[in-house]
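Enquirer: Pasting a structure below so you can have a look.
The values are calculated or read from the model by the stated rules, or taken from the named source; none is laboratory data. Note that the structure is predicted; figures quoted are calculated from it, not measured. When we count neighbours, we look across all protein chains shown, and the Cβ atoms used for this are built from the backbone with ideal geometry, even at glycine.
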Amino acid sequence: MDQRAAWRELPVGTRVVVRTRLNAAEAEEAKAAGQGAVWSDVIGIVVSSTDDELVLRRDSPRKPADLVVIGCEKIHTYREIPPRPTRVRRMEP
């Protein structure tokens, strides 16, 4: 299987980072906001995948845990990543 299309075989529940290429309108919007104007990364948990799209539940401490649908034509690369570390709170005496 082509490594670029292997995301279709990701098991539900896998945590990944997916790099997508922005289209022209998204690039202009990102540039105006002072962000990168070519790429966007999404960290999330795989909810489902088909031949046409990958659906993730966002898993980032800085973004809401909403669903993100990424069309196959936008996926440039992906990488499996470990679960987000849990915070340990120290008990004050």
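Enquirer: Scan the stretch 71-93 residue by residue and report those that are assigned to a loop (DSSP other than H, G, I, E, B), surrounded by fewer than 12 Cβ atoms within 10 Å (Cβ to Cβ) and not charged (D, E, K, R).
Expert: At the first step, the residues of the stretch 71-93 found to be assigned to a loop (DSSP other than H, G, I, E, B) are 81-93.
Going one step further and asking which of them are surrounded by fewer than 12 Cβ atoms within 10 Å (Cβ to Cβ), we end up with 82-83, 85-93.
Correct list: P82, P83, P85, T86, V88, M91, P93.
Enquirer: Within the stretch 73-87, how many residues are of a type in the set (A, V, I, L, M, F, W, C) and either out of contact with any helix residue (DSSP H, G or I) (no Cβ under 9 Å at 6 or more places or on another chain) or modelled with pLDDT under 90 (or both)?
Expert: Taking the stretch 73-87 first, the residues of a type in the set (A, V, I, L, M, F, W, C) are 75, 81.
Still in the running and either out of contact with any helix residue (DSSP H, G or I) (no Cβ under 9 Å at 6 or more places or on another chain) or modelled with pLDDT under 90 (or both): 81.
Number of matching residues: 1.
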